[in-house]
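What follows is a single structure, written as structure tokens, with notes after it.
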Amino acid sequence: MKSAKSIDPAVIELLPKASLDGVETVWDRYEAQQPQCGFGSLGVCCRHCVQGPCRIDPFGNGPNKGICGASAETIVTRNLLRQVAGGAAAHVDHAYEAVEALESAAKGTINYPIADEMKLKQLAQGLGIDVSDKDKQELALKIVEVAYSDLANHENKPVQWLMAHAPRERIGVWKNLGILPRNPDREIREAMHQTTMGMDADPVNLVLATAKQGLVDGYSGLKLATDMQDILFGTPTPVITEANLGVLKEDFVNLVVHGHVPLLSEKIVYWSKKLQAEAIAAGAKGIQVAGICCSGNEVLMRNGIPLATNFLAQELAIVTGAVDAMVVDVQCIMPSLAQVASCYHTEIITTMPIVKIPGASHIPFTLENADQAAQEIVRRAITAYSRRDKEKVKIPNHKCKIMAGFSVEAIIGILKRIDPEDPLKPLVDNMVKGNILGVVGTVGCNNIKVTQDLIHVELVKELVKNNVLVVATGCSAHALAKAGLMNSEGTEKYAGEGLKTVLTALGQAAGLSAPLPPVLHMGSCVDNSRIGDLVTAIAAYLKTDSAALPVAASAPELQHEKALSIGTWAVTLGLTTHLGVVPPVLGSKMVTELLTKGLSDVIGGKFYVETDPLKAAEGLLEDIRAKRKKLGLPC
Ligand code: BF8
Ligand code: SF4
């Protein structure tokens with residue numbers, strides 16, 4: 001059992017209030033689940049047919065095969081493939097909605113902008129589309145055509161979004177391994193088929209299929225979603241705001257957006273500004289929008305909306321008694337929210353046909369009725385404000401200044417002020433000299449099995465102390481924002497000398513009188529594509545394989561299948577990918593060795609599992625130093 005529930009001071013302050021208010025939280029339910037099933041934890045339980053469940057005895061005394069004869073190796077890898085395919089499915093579905101939105105926006109049938117014409121053009125050019133004589137609507141439709149043709153590809157052609165954007169050397173590696181994905185929907189379907197009863201029993205073949213799902217996720221999920229969203233709503237530029245539950249305001253209507261797809265939350269931000277007068281008429285000083293999980297990251301990156309909190313504290317946002325409405329779209333939404341909200345005046349509003357929660361209100365959101373739905377949601381929040389019980393309000397006085405909005409374009413924009421002709425040069429030069437020892441992308445979730453935010457924060461402090469530039473997304477970014485690692489003071493306090501020098505120069509170039517933060521917030525989980533783009537750009541600049549770069553990835557507190565699929569994609573890019581929570585694979589020694597060692601021989605990257613943050617930092621630093629040594633760079 002872990003020692004503490006969280007390192008977040010707002011969470012520590014609110015947990016006693018939750019129990020006083022009679023609210024059951026995720027921590028209570030975790031305790032009630034103890035001890036968790038050992039077979040499931042090791043990945044050796046199979047329920048893929050109705051003869052099961054079958055389980056393998058990890059100690060070797062009981063059965064070593066399922067009823068059909070499936071071994072521990074087969075069961076573990078089949079389960080892993082299904083989980084990674086589940087993650088990829090979530091991201092591809094997310095991306096698909098964004099493609100549909102761009103199509104309708106271009107046709108003028110919905111009230112959405114096409115905000116970033118420059119990105120539209122760049123993407124079109126990258127996809128081989130002739131951009132001359134086309135207005136932005138025509139170009140958008142051309143791009144949509146490519147995205148749809150990937151999804152309708154009935155041939156063996158690899159995914160075009162991947163071919164246009166992945167590092168060149170990598171494409172060769174993936175081709176040789178036979179894992180270049182074709183139609184993403186077909187690949188996800190095939191993974192489900194491959195793992196049904198009486199199908200693939202070969203663990204190596206199943207691990208390669210898992211790697212293929214990582215590529216589906218990386219290019220037809222993450223990259224496609226980010227590209228569509230940037231075109232629609234604009235590519236992020238640096239913004240300054242605050243993070244943690246202290247951003248809620250006692251005398252404002254507090255409306256929290258939670259989930260992942262910005263199609264709704266962008267409209268909420270817009271209408272909450274428009275309807276301020278109605279909030280004032282209801283006795284509030286205005287409307288405060290704040291974000292949880294990746295919807296929070298999306299509206300932070302593009303609109304400077306403050307972050308309320310990350311995954312594990314979503315219930316505690318309601319326990320403040322100050323959230324008037326929480327509107328959710330898809331993914332990472334605890335079904336318990338409605339139960340928690342029933343102890344307060346908070347209205348939980350679901351919006352999507354595939355996410356309904358008993359006890360929550362449902363306001364259907366479609367692209368066509370977006371403005372109407374958003375107005376109704378904002379008005380529900382205003383109405384709920386008048387029901388707020390002041391006695392029950394306790395907003396923790398914890399928040400931290402943050403700078404976010406670091407898209408690749410924004411980073412290049414800052415670098416251009418140092419070298420307008422060759423913007424990547426100052427970054428790469430500093431990597432070569434060792435002022436920046438390497439780059440680590442920290443991504444992913446909170447996981448109840450570990451102290452909330454602890455691994456993210458301790459790992460990253462150690463990395464930046466050793467001059468590693470950290471880029472972050474998802475709930476990892478939230479954790480680091482709350483801990484003061486996303487502001488200039490964080491650089492003074494935590495960064496090593498070399499890194500501090502670089503960040504100070506970049507801060508000056510950016511027109512700040514202070515350094516850039518030691519951790520650059522690059523966005524939501526789909527925006528891991530931005531980290532991929534940065535790695536791809538550096539690899540291309542150095543004319544080398546991304547696997548050779550002193551770059552690594554980490555999902556310190558992963559919980560979601562999406563985090564597993566993102567991690568798998570990072571491995572396919574050739575990166576050592578740290579996991580701070582043990583995934584359910586230990587039931588097979590052979591598979592564990594394959595994932596953590598053998599894979600690197602064939603694909604360049606591997607998983608690295610270490611639950612101790614300081615040891616994990618040491619391991620990642622060793623990996624970075626080894627790569628530097630191979631490149632002949634000072635360590
Ligand atoms: O997609 S980091 S807990 S919120 S899964 Fe979920 Fe994990 Fe948070 Fe964003 Ni990503
Ligand atoms: Fe058991 Fe095989 Fe059925 Fe899985 S597929 S439940 S191992 S019989």
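The values are calculated or read from the model by the stated rules, or taken from the named source; none is laboratory data. Keep in mind the model is a prediction, meaning the values are calculated, not measured. Positions of Cβ are generated from backbone atoms using ideal geometry, with glycine treated the same way; all protein chains shown enter the neighbour counts. Areas reflect the complete protein model, heavy atoms only, side chains present, ligands, DNA and RNA absent. Shrake-Rupley method; radii C 1.70, N 1.55, O 1.52, S 1.80 Å.
For every residue, the table says whether it meets (1) within 16 Å of ligand 1 (Cβ to nearest atom); (2) within 30 Å of Leu245 (Cα to Cα); (3) part of a helix (DSSP H, G or I).
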| position | (1), (2), (3) |
| --- | --- |
| Ala18 | no, yes, yes |
| Gly52 | no, no, no |
| Asn64 | no, no, no |
| Val92 | yes, no, yes |
| Leu102 | no, no, yes |
| Tyr112 | no, no, no |
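Regarding Leu427, is this residue modelled with pLDDT of 95 or more and within 16 Å of ligand 1 (Cβ to nearest atom)?
no
The rows are residues; the columns are (1) in a loop (DSSP other than H, G, I, E, B); (2) open to solvent by 10 Å² or more (accessible area, probe 1.4 Å).
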site: Gly444; (1), (2): yes, no
site: Val457; (1), (2): no, no
site: Ser476; (1), (2): no, no
site: Leu485; (1), (2): yes, no
site: Gly490; (1), (2): no, no
site: Lys493; (1), (2): no, yes
site: Gln508; (1), (2): no, yes
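Could you pull out every one of the helices (runs of 4 or more DSSP H) wholly within region 185-294 that has 2 or more residues that are in contact with a strand residue (DSSP E or B) (Cβ under 8 Å, 6 or more places away or on another chain)?
On the way: elements: 203-215, 224-233, 262-274, 276-281.
Here the list reads 262-274, 276-281.
Could you tell me which of the residues Glu24, Glu73 is more than 10 Å from ligand 2 (Cβ to nearest atom), at pLDDT 95 or above, surrounded by 13 or more Cβ atoms within 10 Å (Cβ to Cβ) and not in a helix (DSSP H, G or I)?
Details: Glu73 fails: not in a helix (DSSP H, G or I).
After ruling out the rest, the residue left standing is Glu24.
Take Gly40 and tell me if it is of a type outside the set (S, T, N, Q), in a loop (DSSP other than H, G, I, E, B), within 16 Å of ligand 2 (Cβ to nearest atom) and surrounded by fewer than 16 Cβ atoms within 10 Å (Cβ to Cβ). Spell out the reasoning first.
On the way: of a type outside the set (S, T, N, Q): yes; in a loop (DSSP other than H, G, I, E, B): no; within 16 Å of ligand 2 (Cβ to nearest atom): yes; surrounded by fewer than 16 Cβ atoms within 10 Å (Cβ to Cβ): yes.
No.
Given region 534-613, what helices (runs of 4 or more DSSP H) lie entirely inside it while holding 1 or more residues that are away from ligand 1 (no atom under 16 Å from the Cβ) and over 22 Å from the mean Cα position of the chain (by Cα)?
So the answer is 589-593, 599-603.
For region 138-179, which positions are assigned to a loop (DSSP other than H, G, I, E, B), open to solvent by less than 50 Å² (accessible area, probe 1.4 Å) and under 28 Å from Thr544 (Cα atoms)?
Narrowing region 138-179 to residues assigned to a loop (DSSP other than H, G, I, E, B): 152-159, 166-167, 178-179.
Remaining after also requiring open to solvent by less than 50 Å² (accessible area, probe 1.4 Å): 153, 158-159, 166-167, 179.
Matches in region 138-179: Pro158, Val159, Ala166, Pro167, Ile179.
Look at region 240-272 and say how many of its residues are within 19 Å of Asn310 (Cβ to Cβ) and open to solvent by 30 Å² or more (accessible area, probe 1.4 Å).
Counting residues in region 240-272 that are within 19 Å of Asn310 (Cβ to Cβ) and open to solvent by 30 Å² or more (accessible area, probe 1.4 Å) gives 1.
Checking Ile287 against (1) under 24 Å from the mean Cα position of the chain (by Cα); (2) buried (at least 24 other Cβ atoms within 10 Å of the Cβ); (3) over 24 Å from Glu13 (Cα atoms), only one condition comes out false. Which one?
Only one criterion is unmet by Ile287, namely (1).
Show me the strands (runs of 3 or more DSSP E) entirely contained within region 310-413 in which 1 or more residues are touching a residue at least 24 places away in the same chain (Cβ under 8 Å), open to solvent by 10 Å² or more (accessible area, probe 1.4 Å) and of a type outside the set (Ser, Thr, Tyr).
Here the list reads 347-350, 400-404.
Tell me, which residue of region 510-565 that is under 19 Å from Ser295 (Cβ atoms) and of a type in the set (Gly, Ala, Ser) is surrounded by the fewest Cβ atoms within 10 Å (Cβ to Cβ)?
Ala563
Going through Val26, Val76 one at a time, which residue ends up being within 29 Å of the chain's Cα centre (by Cα) and within 27 Å of His398 (Cα to Cα)?
Val26
What about Leu520, is it away from ligand 1 (no atom under 16 Å from the Cβ) and part of a loop (DSSP other than H, G, I, E, B)?
Taking the combined requirement at face value, the residue does not satisfy it.
Quick one: Asn64 ticks every box in (1) within 16 Å of ligand 2 (Cβ to nearest atom); (2) farther than 30 Å from Asn183 by Cα; (3) touching a residue at least 40 places away in the same chain (Cβ under 8 Å); (4) out of contact with any strand residue (DSSP E or B) (no Cβ under 9 Å at 6 or more places or on another chain) bar one, so which box is it?
Against the list (1) within 16 Å of ligand 2 (Cβ to nearest atom); (2) farther than 30 Å from Asn183 by Cα; (3) touching a residue at least 40 places away in the same chain (Cβ under 8 Å); (4) out of contact with any strand residue (DSSP E or B) (no Cβ under 9 Å at 6 or more places or on another chain), Asn64 comes up short only on (3).
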